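The block underneath contains the structure these notes are about, expressed in structure tokens.
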Amino acid sequence: MKAYDRLFIGGEWVAPAGTGTIEVINPTTEEVVGRVPDSTEADVDKAVALARDAFDNGPWPRMTPTERAEILTKVSQAIQADMQGFAELITMEMGSPVAWGTMAQVFAPTMILDYYAGLASTFQFDEVRQGLMGEVLVAKEPVGVVGAISPWNVPMFIAAAKLAPAFVAGCTVVFKPAPETPLDAFRLAEVFEAVGLPKGVLSVLPAGREVGEHLVRHPAINKVSFTGSTVAGKKIGGICGEQLKRFSLELGGKSAAVLLDDVNLAEALPMLLPNAIMNNGEACIAQTRILAPRDRYQEVVDALVESVSAMKVGDPLDPAVEVGPLVAERQRDRVEGYIKLGQEEGAKVALGGGRPAGMDKGWFVEPTVFVNVDNSMRIAQEEIFGPVLAVIPYDGDAEAVSIANDSSYGLCGSVWTSDPERGLKVARGVRTGTYMLNSPIPIDFSTPFGGYKDSGMGREFGPDGLELFLEKKSINLPAGFSPSV
Ligand code: NAD
């Protein structure tokens, strides 16, 4: 049992303004494993005031990017020194299989921290441009005080994706993790505190959506960096639009994996499947629509069913387990609701559809494969966020692209073929922010990641992710003066 009675506000552990608490329930055992204060609007006000002061008057934005980067490097090293501890903590909070989680939930965040620490010394913050009428210094400056909001599914990954570029830029941050996963966020706060992050630069306030919205609306916040559902993203984008506040949104997805008719299934499926049912299917980039050529449809279904049925379901702390429980009872209800809906819509369950036998504790759902799916069905259009795949037939590459694009989302996708040139044509045709061509890697942290359409606005990772936390200023220079940049 991990219990906190204080919040991390402005770099110190302080008593909360309210008396409410958030209980963290282990989705495998259904037992309470953590308790933290439920932050209130008054806590947000206090944290924002400290972040504002640290930005306007403190040393942080005035340090060099490489000085700030040293903090990130130390944080990365501290996490790497306790990979197992972080992975088990996150698994206890939200059920991610620990083997996958050690890489994706813990090691990947350290890669992100290290990438931005490195970028601090190569990124061109100042640039003298030859303008039309003279020389101009284009200076990239920190956007100010950031409100960062994250979901529970890959909590530390998202924290790193926001904090690392924000800190290299020189911003101060009030971070609101999801109420399901406050423990890893507090653990991360302890690490930032231990490596000497200046006071005021970071606050961590676990809370629900109302308090999150207060953070978004707060007039002293200059930029909102949000990751979560499309519904919440639209609301937050609307508020920021009215206030002309900078914002970036990383939202939901319903990605399509296109198997072309020349695909070698034995090669492709081992790369595709971990990206289809990753993180118990609770992943924004999960490839949950499988597009199969009609004349190889049954062969694809048979191979998929064989591979998915071989995935080990069970206690996510067991390193051999590939599918653990869903984050919460309400999430299992939601996924089971979609499984029922799919059958009502006329799709057929080829595998799974129920709860795993003999597991009476924990919010488990069997990995499920739907066949005879039409792309217009709700199970093909809506984000289920569970281990549920829909296999959709198509005729010809052009129809595959058209089905892949028949979605309100555009986050990720993949194509699998023996002919990379043909695959590249498909990749270029799909309206989505990230794509995998015969590749098991959905995101490379040195390149832009984000969504077309309802999947978001802006791009995280790479230099693009740093630009999200910068404003540009053009200073027209007098003739004969060349500043050193
Ligand atoms: P959610 O939108 O319900 O909540 C996400 C976070 O936003 C939580 O911290 C929540 O408290 C807060 N929140 C909700 N409404 C808010 C509001 N009106 N104002 C301020 N804060 C608000 O999403 P979730 O269920 O926690 O997470 C799952 C979703 O996140 C899925 O749709 C998934 O695809 C998406 N996601 C996207 C990415 C990406 O990079 N594109 C990554 C991970 C998850």
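The values are calculated or read from the model by the stated rules, or taken from the named source; none is laboratory data. Note that the structure is a prediction, hence the values are computed from the model and not measured. The protein model used for the area step is the full one, side chains on, heavy atoms only, and it has no ligands, DNA or RNA in it. Shrake-Rupley method; radii C 1.70, N 1.55, O 1.52, S 1.80 Å.
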Next item on the list: Per DSSP H run of at least 4 residues, take -39500 (n - 2.57); add these up for the chain, divide by its residues and hand me the 222 nm value, nearest 500 deg cm²/dmol.
Entry: -12000 deg cm²/dmol
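Hey, what did region 262-369 get for relative contact order, percent, Cα under 8 Å, at least 6 apart?
Rounded, it is 21 percent for region 262-369.
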Next item on the list: List the residues whose amide H sits under 5 Å from the amide H of GLY34, counting only those 5 or more places along or on another chain, with H placed 1.01 Å from N in the peptide plane.
Entry: LYS2, VAL24
Margin query: If I take the Cα coordinates of region 186-315 and project them onto the principal axes, what are the three extents in Å, biggest first?
Written below: 59, 38, 23
Next item on the list: Taking amide H positions as placed in the peptide plane 1.01 Å from N, state which residues far from THR40 in sequence (5 or more) or on other chains have amide H under 5 Å from it.
Entry: ALA17, GLY18
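Per the 1.4 Å probe, what fraction of the accessible area of region 65-189, in percent, lies on carbon and sulfur atoms? Mind showing how you got there, number by number?
Details: 2120 of 3680 Å².
Carbon and sulfur together cover 58 percent of it.
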Margin query: Kirkwood Rh over alpha-carbon pairs of region 123-224, then Stokes-Einstein at 25 °C and 0.890 mPa s: what D in µm² s⁻¹, rounded to an integer?
Written below: 163
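Give me the mean projected area, in nm² to one decimal, of the convex hull enclosing the Cα positions of region 342-477. Walk me through the numbers on the way to the answer.
On the way: hull surface 51.0 nm².
The number I arrive at for region 342-477 is 12.7 nm².
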Next item on the list: Under 12 Å Cα to Cα from LYS361, which aspartates and glutamates show up? Leave out anything in the same chain fewer than 8 places away.
Entry: GLU30, GLU31, ASP315, GLU329
Notebook entry, point to check: Can you tell me the accessible area per residue over region 348-485, all protein chains present, probe 1.4 angstrom, in square angstrom?
Noted result: 45
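Could you state, as a whole-number percent, how many of the C-alpha pairs of region 373-434 are farther apart than 14 Å?
Values: 1125 of 1891 pairs.
Here the long-distance tail beyond 14 Å is 59 percent of all Cα pairs in region 373-434.
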Notebook entry, point to check: Mind checking the log10 I(q)/I(0) for region 301-350 at q = 0.13, 0.16, 0.29 Å⁻¹? Debye, one equal scatterer per Cα, no solvent, two decimals.
Noted result: -0.44, -0.65, -1.00
Next item on the list: Give me Rg over Rh for region 223-264, both radii from the alpha carbons and Rh done the Kirkwood way, two decimal places.
Entry: 1.33
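In the P(r) worked out for region 103-145, what percent of Cα pairs fall beyond 16 Å? The partial results should precede the final answer.
Values: 544 of 903 pairs.
Of all Cα-Cα pairs in region 103-145, 60 percent lie more than 16 Å apart.
For region 85-178, what is the convex hull (Cα atoms) projected area averaged across all directions, in square nanometres? Let's see the in-between values first.
Details: hull surface 30.0 nm².
Orientation-averaged projected area of the Cα hull: 7.5 nm².
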Check: When the distances between all Cα atoms of region 401-453 are binned every 10 Å from zero, what whole-number percent does each bin get?
Finding: 26, 55, 19
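Accessible area per residue of region 1-121 at 1.4 Å probe, in Å²?
Numbers: 5020 Å² over 121 residues.
Computed with neighbouring chains in place, this is 41 Å² per residue.
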Note to self: I need the Debye-formula profile for region 1-71: one equal scatterer per C-alpha, no solvent, reported as log10 I(q)/I(0) at q = 0.12, 0.15, 0.21, 0.24 1/Å, two decimals.
What the structure shows: -0.49, -0.67, -0.89, -0.99
Checklist line | Reachable aspartates and glutamates, given that their alpha-carbon falls under 20 Å from the alpha-carbon of LYS425 and they are not under 8 places away in the same chain | finding: ASP261, ASP262, ASP395, ASP397, GLU399, ASP406
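Determine the share of region 371-485's accessible area contributed by carbon and sulfur atoms, expressed in whole percent, with a 1.4 angstrom probe.
On the way: 2630 of 5120 Å².
It is 51 percent, rounded to a whole number.
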Check: Using only the Cα atoms, what convex hull volume per residue in Å³ does the chain have?
Finding: 149
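Looking at region 8-146, what % of the alpha carbon pairs are farther apart than 23 Å? Working shown, then result.
Details: 5686 of 9591 pairs.
Tail fraction, whole percent: 59.
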Next item on the list: Could you run the Debye sum over the Cα atoms of region 264-361, one equal point scatterer each and no solvent, and tell me log10 of I(q)/I(0) at q = 0.15, 0.16, 0.19 Å⁻¹, two decimals?
Entry: -0.70, -0.80, -1.14
Notebook entry, point to check: If you find the alpha carbon centre of region 414-445 and of region 331-402, how far apart are they in angstrom?
Noted result: 23
